[in-house]
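Step one of this worksheet: look at the structure below.
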Amino acid sequence: MTVWKRTFECREDEIGLKILITPTSLTPDRPSAALDLLRARGCELVFNDLGRPLQPQEIIARLDGVDGYLAGLDYITAEVIEAAPPSLKVISRYGAGYDRVDLEAANKKGIAVTNTPGANAQAVAELAFGLMLAVARKIPALDRAVRDGKWIRSNGVELYGKPLGIVGFGAIGKLVARQAKGFSMHVLVYDPYVDDQVLAEYGLRRAAWEELLAQSDFISLHLPLNEQTKHLINADAISRMKTTAILINTSRGGLIDEQAAYEALAAGRLGGLGLDAFEAEPPGDSPLFKLDQVVVTPHTGAHTEEAIANTAMMAVRNLLDVLEGRPCSYRVA
């Protein structure tokens, strides 16, 4: 196993700590102002050499002597936390979600956990709309047909004026709602935790769950994965949607029962599906891939140059706040 390392000369104001960096967007050969901030403090940077989210044993193998862990979409289980060295003080999530981090175990061991809410919101919101358009106009399937020498006519549907159900009205959901105005879409919001005053600021009102499912032509998911939201979109929920509805998920794969979605799509009981997240990542040979009304991307919502820079800087500042003894505004554990 090869582990990339870079060590830099220390100055008087340097902290000289060892930092594990696993987001696949951050590599030793890619320019990064955020990583330069760590290098300027004389930190030893250890990078993810596998190019994908790490499994528990792979994380454990890289934690030796680590003081801070800048974490991608790795599976940071209780086993990982228990095996962490005493030197580890903080797990700084590169991203808003922390459902793959065992917060209870981290609390017990006194390891801080931070996240970066809103840093990549614009990028994810834009991809959500990109997937809506791609599914609605069958762009990938038509692209493949033209490349294969076919010149077919296939009718899509427009977004203009259609009801859009937004499930989860956090930073990303808010941006999706703003973008929907450009298409004159009628936005319905389901979020039990959002204040009515916040909705009023966007000129929106709260929709009941059944109402959103029944009325929306497009449904976009923007909420965390937990015990309450796992398989929120199941066979029962799909049965309450329009048979022409297009479902978009740029959050977490476990929000959708993929088998139920496949069965509904294959039977013509769901109009289309756009996925940037899967229950298992990478998803392997999913039956969803056989369907032209499905458009998929490899959890790439946050992968824009702007979002990478914003998220990396926020994650590094969170990490340094904890390591250098300052209050951190984005601590979740």
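Considering only region 141-148, I want to know if a residue exists there that is over 26 Å from residue 201 (Cβ atoms), assigned to a loop (DSSP other than H, G, I, E, B) and of a type in the set (Lys, Arg). Full working, then the answer.
Initial filter on region 141-148 (over 26 Å from residue 201 (Cβ atoms)): 141-148.
Among the residues that remain, those that are also assigned to a loop (DSSP other than H, G, I, E, B) are: 148.
Next cut, of a type in the set (Lys, Arg) only: none.
The answer is no; no qualifying residue exists.
From the list 212, 225, which residue is part of a loop (DSSP other than H, G, I, E, B) and over 15 Å from residue 131 (Cβ atoms)? The conditions single out 225.
Keeping to region 50-81, report how many residues are of a type in the set (A, V, I, L, M, F, W, C), within 18 Å of residue 114 (Cβ to Cβ) and touching a Gly at 6+ places or on another chain (Cβ under 8 Å). Even if it seems obvious, please write down each step before you answer.
So in region 50-81, the residues of a type in the set (A, V, I, L, M, F, W, C) come out as 50, 54, 59-61, 63, 66, 70-71, 73, 76, 78, 80-81.
Now narrow it down to the ones that are within 18 Å of residue 114 (Cβ to Cβ): 59, 63, 66, 70-71, 73, 76, 80-81.
Those left that are additionally touching a Gly at 6+ places or on another chain (Cβ under 8 Å): 73.
Counting residues in region 50-81 that are of a type in the set (A, V, I, L, M, F, W, C), within 18 Å of residue 114 (Cβ to Cβ) and touching a Gly at 6+ places or on another chain (Cβ under 8 Å) gives 1.
Scoring residue 208 on the criteria (1) within 30 Å of residue 77 (Cα to Cα); (2) without any contact (Cβ under 8 Å) to a residue 60 or more places away in the chain; (3) surrounded by fewer than 18 Cβ atoms within 10 Å (Cβ to Cβ); (4) in contact with a strand residue (DSSP E or B) (Cβ under 9 Å, 6 or more places away or on another chain) leaves a single failure, condition (1).
Would it be correct to say that residue 157 is part of a strand (DSSP E or B) and over 24 Å from residue 115 (Cα atoms)? So that I can check it myself, show each step before the final result.
On the way: part of a strand (DSSP E or B): no; over 24 Å from residue 115 (Cα atoms): yes.
No; evaluated as a whole, the condition is false for this residue.
Filtering region 223-237 to residues that are farther than 27 Å from residue 103 by Cα and free of Cβ contacts under 8 Å to residues at least 12 places away in the same chain leaves only 236. Strands (runs of 3 or more DSSP E) fully within region 238-305 that include at least 3 residues being under 18 Å from residue 97 (Cα atoms) and of a type outside the set (S, T, N, Q): none found. Residue 74: modelled with pLDDT of 95 or more and either within 20 Å of residue 317 (Cβ to Cβ) or crowded, with 17+ Cβ neighbours inside 10 Å (or both), yes or no? For residue 74, the condition - modelled with pLDDT of 95 or more and either within 20 Å of residue 317 (Cβ to Cβ) or crowded, with 17+ Cβ neighbours inside 10 Å (or both) - is met. Residues that are touching a Phe, Trp or Tyr at 6+ places or on another chain (Cβ under 8 Å) and at pLDDT below 95 within region 101-137 comprise just one, 117. The number of residues in region 64-110 being over 23 Å from the mean Cα position of the chain (by Cα) and not acidic (Asp, Glu) comes to 13. Residues in region 315-333 that are part of a helix (DSSP H, G or I) and either among the β-branched types (Val, Ile, Thr) or under 16 Å from the mean Cα position of the chain (by Cα) (or both): 315, 316, 322. If you filter region 48-67 down to residues that are hydrophobic (A, V, I, L, M, F, W, C) and assigned to a loop (DSSP other than H, G, I, E, B), you find that the one that is farthest from residue 280 (Cα to Cα) is 66. Looking across region 33-48, the residues that are modelled with pLDDT of 95 or more and closer than 19 Å to residue 91 by Cβ come down to 34, 35, 37, 38, 43, 44, 45, 46, 47, 48. When the residues of region 111-135 are narrowed to those that are part of a helix (DSSP H, G or I) and in contact with a Lys or Arg (Cβ under 9 Å, 6 or more places away or on another chain), which ends up nearest to residue 87 (Cα to Cα)? Selected residue: 121.
Looking across region 81-110, the residues that are touching a residue at least 40 places away in the same chain (Cβ under 8 Å) and of a type in the set (A, V, I, L, M) come down to 90, 96, 101, 103, 106.
Can you tell me which residue in region 246-255 is surrounded by the fewest Cβ atoms within 10 Å (Cβ to Cβ), limited to those that are under 15 Å from residue 271 (Cα atoms) and β-branched (Val, Ile, Thr)? Among those that are under 15 Å from residue 271 (Cα atoms) and β-branched (Val, Ile, Thr), it is 246. Take the conditions (1) touching a Ser or Thr at 6+ places or on another chain (Cβ under 6 Å); (2) aliphatic (A, V, I, L, M); (3) crowded, with 22+ Cβ neighbours inside 10 Å; residue 316 misses just one of them, which is (1).
The values are calculated or read from the model by the stated rules, or taken from the named source; none is laboratory data. It should be emphasised that the depicted structure is a prediction, and the values quoted were computed from it without experimental measurement. Neighbour counts are summed over all protein chains in view; Cβ atoms, including those assigned to glycine, are modelled from backbone coordinates with ideal geometry.
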